[in-house]
Amino acid sequence: TLDSFFQIATIIFADILTMSPNEMLLVLPIGFTVIIILLGASAFMSGSELGFFSLSPQQLLKCRSSSSKAERNISALLDNPNKLLATILIMNNLVNVSIATISNYLMLGVIDESQGQGFEVFILTITV
């Protein structure tokens, strides 16, 4: 359930904040890898939003009458555009919040808290 997920996440992030510098060196590559994967997911979702909602009416008619299952799926998704847009935006926001949360914990483990927040805001502003 969602409560158990939050309990596990709290335990993991609490451990990160109490790690020694040597232990932190093991966690950093994993954290940065997860951030890079999440950035890719965010880019994919932004691109899919652009792709879906930039189709012309002629292209959408072609998708509806196509024999291709993928094109029919695209037209089925666009039959309810508000639901599609809400789903894409909510998922993209969830991914972006995850990036900010993970980077915050990584920065707190590496840099002093007073310096880390400004640096983190600068880096996230550039990347996201």
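Heavy-atom accessible area with a 1.4 Å probe sorts Met91, Met45, largest first, into Met91, Met45. Think of a 1.4 Å ball rolled over the protein heavy atoms: region 22-80 then has 69 Å² of accessible area per residue.
The values are calculated or read from the model by the stated rules, or taken from the named source; none is laboratory data. No experiment lies behind these values; they were computed from the predicted model shown. Heads up: the accessible areas ignore ligands, DNA and RNA and are worked out on the full protein's heavy atoms, side chains in. Shrake-Rupley method; radii C 1.70, N 1.55, O 1.52, S 1.80 Å.
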